[in-house]
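Structure record follows, encoded as structure tokens.
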Amino acid sequence: MAKIEVIAAGTGRRKTAVARVNLVKGSGKWLVNKTALEEYITSEALRTYLKQPVAITGFDLSQVDVVAYAKGGGCSGQAGAIRHGLARALAAADADLRAPLKKAGCMTRDSRMKERKKPGQPGARKRFQFSKR
């Protein structure tokens, strides 16, 4: 098997999703979990959202493939994790790209998580109905 030459790598997280993103020498293909990006993430809005770091920096992906492995969470969380990992990988590949990515908010982890369910309640915030008598 041929050795894959990784240019840069980054790990991204959002909600409960984790994504490992590698920039590999290639021809500009996007693969997520060994599937084409268009097949794995069907929403056009999420695809443009996760490609945002490339659009901001103007990084030329014609000689580079983006290979991502995402797990956990749902479609939206995985797209956010891939975006975060891609921004980190681009910053690792070229240190000059870190400032515009940080200014655009791509380097910041979205820390919003699902709130835990509290004991003695039906949900995280919902209370049982109050009864006076």
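Brief remarks on what is shown
- The chain: Lys pairs at Cα distance under 21 angstrom, eight or more positions apart or on different chains: 22
- Calculated P(r) tail over 18 Å for the chain, as whole % of Cα pairs: 56
- Debye, to nearest 20: dipole size of the chain, +1 on Lys, Arg Cβ, -1 on Asp, Glu Cβ: 1460
- Distance between modelled label sites at residue 111 and residue 38, nm, 7 Å Cα→Cβ extension: 3.9
- The residue list 27, 69, 58 was ranked by how far each Cα lies along the charge dipole of segment 6-102 toward its positive end, using unit charges on Cβ atoms, and 69 comes out on top.
Read-outs throughout are calculated quantities, based only on the coordinates presented, and are distinct from any laboratory measurement. Worth saying up front: this structure is predicted, and the values here are computed from it rather than measured. Every residue, glycine among them, receives a Cβ derived from its backbone with ideal geometry; neighbour counts consider all protein chains shown.
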